[in-house]
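What follows is a short report on a single structure.
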Amino acid sequence: MANKPIHVTSEIGALQRVVLHRPGRELANMKADEFEKCWIHDAFYLEYAQEEHDAFANILRESGAEVLYMEELLAEAMDAHPAARTAFLDEYMAQAPVPDPQLVPLVRAKLDAIEDSRDLVDKALAGMRLHELDLAHGPRTLARLEGDGLAPDDFVVYSMPSSYFSRDPIASIGTGVALHRMYYNQRNREVPFYKTFLTYHPDFAGTPFWYDNHSAAHIEGGDVLNINETTLAVGISERTEAAAIDTLARNLFWGEQPSAIDTVYAIKIPFGYETMHLDTVCTQIDYDKFTVYPGMYDALHAYRLRKGDNPGEVAVDELDGSLKEILQMATGVDDVMLIECGGGDPVEASREQWNDGSNTLAIAPGKVCVYERNVVTNAVLDRADIELCIVPSEELSRGRGGPRCMSMPFARADI
Ligand SMILES: NC(=[NH2+])NCCC[C@H](N)C(=O)O
């Protein structure tokens, strides 16, 4: 039994424990022409990003949450168990698309030589360039000496700048987590960092896994919303396929380890970067209030998957309705209030949506973290009597994710 068991039965119950990743070297270790390869779209001022991130962490601490860092948990797991180091490096290497197979042992040797666990985690995140490899040693083949046409400062392992979005590689659901198969290979490499500490860290070993990250279908945590103890909502999005939700629901309903979830709403959202995840278009801020991105919620197609009466049975109903109707069904609240990003003004909505105006992190019912820069949306939330914890956001917002994306709750009070 884990010392710090996962316990997440809602989006809004008082936040008690949360996992973050403080951005490090990986956020700055890129040339402009490598942004897209690393799946990030701008140059960051790293020290400011770190200051903003520390301010975010402090807000969470001040509101009573224990803040844990993925990079520390993984290093601690490796210190506690040599097997954790091997398991991590095996999976990391299997997923790092090193451009030439001959370079793989050199990359592995370089990582193996890093003794300090925390240094190893930081290096694994920051990536590696050809000139860091010892090309002159080992069997001298032409391909190795030439580095397969790579320039000395080309990546042999890409940097992982999106890793401060701890929301996406896994999802806490009830007493366990789903380990995801992420849509972009560049981000899928974040999953082993979590999987390893959840498997080996003395505080988390034994955590049930509801989804296997080696499954074929993609799913990301931004699409997974915990509605209540028995109900989950999952976006069918560009990054999360219906087949993944099917498997997740079956595992939750009928898997070996018991879960309290008996109903999963799968909600179809438009494909696109401004609607990348369900939490990009909609987050819960109170028992009866959600933020929404205007314009996508009038007519939606959704499915309800329910645990059937007989073992292994899953019943599926098709639902058509507005987002409001579907959220009312899921929450059981009669009149859900949708608060529009940008106050419904199309220009403000689009601008603030771009900076994750709808992506809030509830730290208690009616109390949410928001980005400072989304002034129009924040004024609307304030008028609706929502208590706002303002997160500085000049740098962090460049990654196209908000406070919810930057946090993975591990424990919340029941509501
Ligand atoms: N849960 C979220 N909405 N995460 C936002 C992730 C943003 C990141 N740049 C990506 O594209 O993957």
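The values are calculated or read from the model by the stated rules, or taken from the named source; none is laboratory data. Everything quoted here is computed from the prediction, not taken from an experiment. In this analysis, Cβ positions are derived from the backbone assuming ideal geometry, glycine residues included, and neighbour counts consider all displayed protein chains.
Some points to look at:
For (1) more than 23 Å from ASN188 (Cβ to Cβ); (2) in contact with a strand residue (DSSP E or B) (Cβ under 8 Å, 6 or more places away or on another chain); (3) charged (D, E, K, R), each residue gets a yes or a no:
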{"residue": "ALA43", "(1), (2), (3)": "yes, no, no"}
{"residue": "GLU47", "(1), (2), (3)": "yes, no, yes"}
{"residue": "ALA55", "(1), (2), (3)": "yes, yes, no"}
{"residue": "GLU62", "(1), (2), (3)": "yes, no, yes"}
{"residue": "GLU71", "(1), (2), (3)": "no, no, yes"}
{"residue": "PHE88", "(1), (2), (3)": "no, no, no"}
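- Across segment 27-46, the number of residues qualifying as in a helix (DSSP H, G or I) and within 15 Å of the ligand (Cβ to nearest atom) comes to 2.
- Applying a threshold of 7 Å to beta carbon distances and a minimum spacing of six or more residues, or different chains, the list of pairs starting in segment 248-275 at a residue that is in contact (Cβ under 8 Å) with a residue 40 or more places away in the chain and ending at one that is assigned to a strand (DSSP E or B) and of a type in the set (Phe, Trp, Tyr) reads LEU248/TRP210; LEU248/TYR211; ASN251/TRP210; ASN251/TYR211; LEU252/TRP210; GLY255/TRP210; SER259/TRP210.
- Checklist (1) on the phi > 0 side of the Ramachandran plot; (2) in contact with a Lys or Arg (Cβ under 6 Å, 6 or more places away or on another chain) applied to GLY127, failing item: (2)
- SER162 vs. criteria in a helix (DSSP H, G or I), surrounded by 24 or more Cβ atoms within 10 Å (Cβ to Cβ) and within 12 Å of the chain's Cα centre (by Cα): yes
- When residues of segment 206-257 are limited to those that are in a strand (DSSP E or B) and of a type in the set (S, T, N, Q), the one surrounded by the fewest Cβ atoms within 10 Å (Cβ to Cβ): ASN228
- Failed item in (1) at pLDDT 95 or above; (2) surrounded by 14 or more Cβ atoms within 10 Å (Cβ to Cβ), with ALA315 passing the rest: (2)
- Just one of the listed residues (ASN3, ASN58) is part of a loop (DSSP other than H, G, I, E, B) and either more than 16 Å from the ligand (Cβ to nearest atom) or out of contact with any Phe, Trp or Tyr (no Cβ under 7 Å at 6 or more places or on another chain) (or both), and it is ASN3.
- Number of residues in segment 314-333 that are farther than 23 Å from TYR287 by Cα and touching a residue at least 40 places away in the same chain (Cβ under 8 Å) equals 1.
- Every residue from segment 115-148 that is modelled with pLDDT under 70 and either surrounded by 15 or more Cβ atoms within 10 Å (Cβ to Cβ) or under 34 Å from the mean Cα position of the chain (by Cα) (or both): ARG144, GLY147, ASP148
Yes/no per residue for (1) of a type in the set (Lys, Arg); (2) touching a helix residue (DSSP H, G or I) at 6+ places or on another chain (Cβ under 6 Å); (3) surrounded by fewer than 22 Cβ atoms within 10 Å (Cβ to Cβ); (4) on the phi < 0 side of the Ramachandran plot:
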| residue | (1), (2), (3), (4) |
| --- | --- |
| GLU11 | no, no, no, yes |
| GLN16 | no, no, yes, yes |
| LEU27 | no, yes, no, yes |
| GLU36 | no, no, yes, yes |
| PHE44 | no, yes, yes, yes |
| GLU47 | no, no, yes, yes |
| GLN50 | no, no, yes, yes |
| GLY64 | no, no, yes, no |
| VAL67 | no, yes, yes, yes |
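- Residue selected from segment 258-307 under the condition within 16 Å of the ligand (Cβ to nearest atom) and of a type in the set (Asp, Glu), by the criterion surrounded by the fewest Cβ atoms within 10 Å (Cβ to Cβ): GLU274
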